[in-house]
Amino acid sequence: MGRKFEKNKATMAKTQGAKSQLYAKYAKEIFVSAKNGSSDPDANPSLRSVIDKAKKDQVPAHVIDKAIEKAKGGGGENYEPMRYEGFGPGGCMVIIDCLTDNNNRTFGDIRICFNKGHAKLGGQGTVAHMFDHNAMFVFEHSDEEAVLEALMMADVDVTDIENDAGTITVSAPHTEYFKAKSALKENFKELEYQVEEVTFVPQTIVELSGEDVEKFEQFMELLHDCDDVQEIYHNAEIAEG
């Protein structure tokens, strides 16, 4: 019973830690969006998008409200985006997006993650050219042609649209995100998005097996534990069996 209690306690602590990290990540992103634009989500599409994602990930309202109020006050840290690229275990490619108020600290933290994670940190542009920087929307809808027509009428440069048994995936250049979302909202008011994001989609996949799987998982854990890391993109896939 004692061991079971300790195991459950450790699991609960790990879960709580993951939640705290998630809340902190969104609080920082909401703060930056509100500070750099309007604190009114209806007048700031970037802020609205982050809030919608936060709610979908079950971030409490008080965390969202506190970040917006902090931005309204005009104080707080001055965060800026930083992007790092490199190669992970097995030759997979990795892009890491950060928000930081101290570039030297963040670079040092990321470098440690790469060194400990059997990875190689590269310079800007090292692997980004092997990813497509896309706006992506995934939602349930029966009429793919109606969706495409609505987007084209709004002059959205749709690069791909797929319908998989009633689940539609729309891809467009990342610069078209807000235009595409506005067109979808205007024409299909009841849509519920499974995915609505700007992301990096790999052009090729690297399949990992053997020791590389464990090394890759360790590398990802190190990056996720880094406070300044907001998003991680990679082209790794774990081999089955």
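The values are calculated or read from the model by the stated rules, or taken from the named source; none is laboratory data. Here the structure is a predicted model, which means the values were calculated and not measured. Cβ atoms come from the backbone with ideal geometry, glycine included; neighbour counts cover every protein chain shown.
Here the condition is being of a type outside the set (A, V, I, L, M, F, W, C), outside any helix (DSSP H, G or I), modelled with pLDDT of 95 or more and surrounded by 12 or more Cβ atoms within 10 Å (Cβ to Cβ); of ASP212, ASP157, it holds for ASP157 alone.
Scanning the stretch 81-95 for residues that are exposed (fewer than 12 other Cβ atoms within 10 Å of the Cβ) and either acidic (Asp, Glu) or closer than 13 Å to ALA27 by Cα (or both) yields a count of 0. Condition check: part of a strand (DSSP E or B) and over 19 Å from the mean Cα position of the chain (by Cα). Does LEU121 satisfy that? Yes: the conditions hold for LEU121.
Of the set (1) more than 30 Å from TYR23 (Cβ to Cβ); (2) in the same structural domain as PRO89 (by TED's automatic domain parsing); (3) of a type in the set (Asp, Glu), all apply to ASP228 but (1).
Of all residues in the stretch 82-106, exactly one satisfies the criterion of being free of Cβ contacts under 8 Å to residues at least 40 places away in the same chain and in a strand (DSSP E or B), namely TYR84.
Of the residues in the stretch 97-143, how many are under 30 Å from GLY166 (Cβ atoms), acidic (Asp, Glu) and out of contact with any strand residue (DSSP E or B) (no Cβ under 6 Å at 6 or more places or on another chain)? Of the residues in that region, 1 qualify. Summed over the stretch 169-224, residues that are touching a helix residue (DSSP H, G or I) at 6+ places or on another chain (Cβ under 9 Å) and among the β-branched types (Val, Ile, Thr) total 6.
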